[in-house]
Amino acid sequence: MDFERLEVWQRAKRLAVEVYRAMEGCRDLGFKDQITRSALSIPSNIAEGMERESDREKCRFLWIAKGSCGELRTQAMIGIEIGYVAEPLATGWIKETRELSRMLHGLISKISD
C-alpha cells in the first residue's frame, strides 16, 4: 500500500503543516526548530518505513514516528507553559498526537503479526 493512502500519514502530514504555520513567527529559533522537526518527523518516518522492504524495517521507522508523537506532545505542553503556543491550539496537537500514536501502534501490530 502507498503510504500516501494511509490515514495516519495524511493526518500526520496535516499536523506537521499546522505546526509549521503556527510557529512561523516564533522568534525562539531553538524551540521553533525542535517543535517543527518533531512534527515533520512523524509523517516522514511513516513514509520512510512504508517504503522499506522488510516488515522489521517498516516497524522500526513506525516506532520512530510514534516516539516523535511523544516528543511533539511534550513540546506542545512546554509551549503552553512558556507562552509560545496558545493553549487551545496546543491542546489540539496533544490530542492529535495521542490519536496518531494509537493509530501507529495498531499499524505496527498489524504489520508484525
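Observations on the model:
- At q = 0.14, 0.22, 0.27 Å⁻¹, base-10 log of I(q)/I(0) for segment 40-87 (Debye sum, equal scatterers on each alpha carbon): -0.42, -0.69, -0.85
- Of Met50, Gly25, Pro88, farthest towards positive along the dipole that unit charges on Lys, Arg, Asp, Glu beta carbons give the chain: Pro88
- Stretchable slack from Glu4 to Arg98, in nm (0.36 nm times residue separation minus alpha-carbon distance): 31.8 nm
- Set of segment 63-94 residues, backbone N closer than 16 Å to the point 7 Å along the Cα-Cβ line of Arg27: 83-85
- Gyration tensor verdict on segment 5-50 (Cα atoms; rounded if a/c is under 1.5, prolate if a/b is larger than b/c, oblate otherwise): oblate
- Order of Met77, Met23 - criterion: other Cβ atoms within 10 Å of each residue's Cβ, fewest first: Met77, Met23
- Across the alpha-carbon set of segment 63-113, the Rg to Rh ratio works out to 1.11, Rh being the Kirkwood radius.
- The string of couplings for segment 13-18 from the Karplus curve (6.51, -1.76, 1.60, θ = phi - 60°) is 5, 4, 5, 4, 4, 4 Hz, one whole number per residue in order, with x for Gly and Pro.
- Rounded FRET efficiency, nearest 0.05, which uses the C-beta distance separating Arg14 from Asp55 and R0 of 41 Å: 0.95
- Net charge in the neighbourhood of Ile80 (other residues with Cβ under 12 Å of its Cβ; Lys, Arg +1, Asp, Glu -1) is -1.
- Angle between the chain longest axis and helix 29-50 axis [Cα atoms, degrees, rounded to 10]: 10
- Dipole magnitude of segment 3-112 about its Cα centre (Cβ charges: Lys, Arg +1; Asp, Glu -1), debye to nearest 20: 240
- Low-density loop cleavage sites - trypsin sites (Lys or Arg not before Pro) in segment 16-113, where at most 14 other Cβ are within 10 Å (DSSP): Arg27, Arg52
- The alpha-carbon atoms of the chain, seen along their principal axes, cover 43, 20, 20 angstrom, with the largest extent given first.
Read-outs throughout are calculated quantities, based only on the coordinates presented, and are distinct from any laboratory measurement. Remember, it's a predicted structure, so these values are computed and weren't measured experimentally. In this analysis, Cβ positions are derived from the backbone assuming ideal geometry, glycine residues included, and neighbour counts consider all displayed protein chains.
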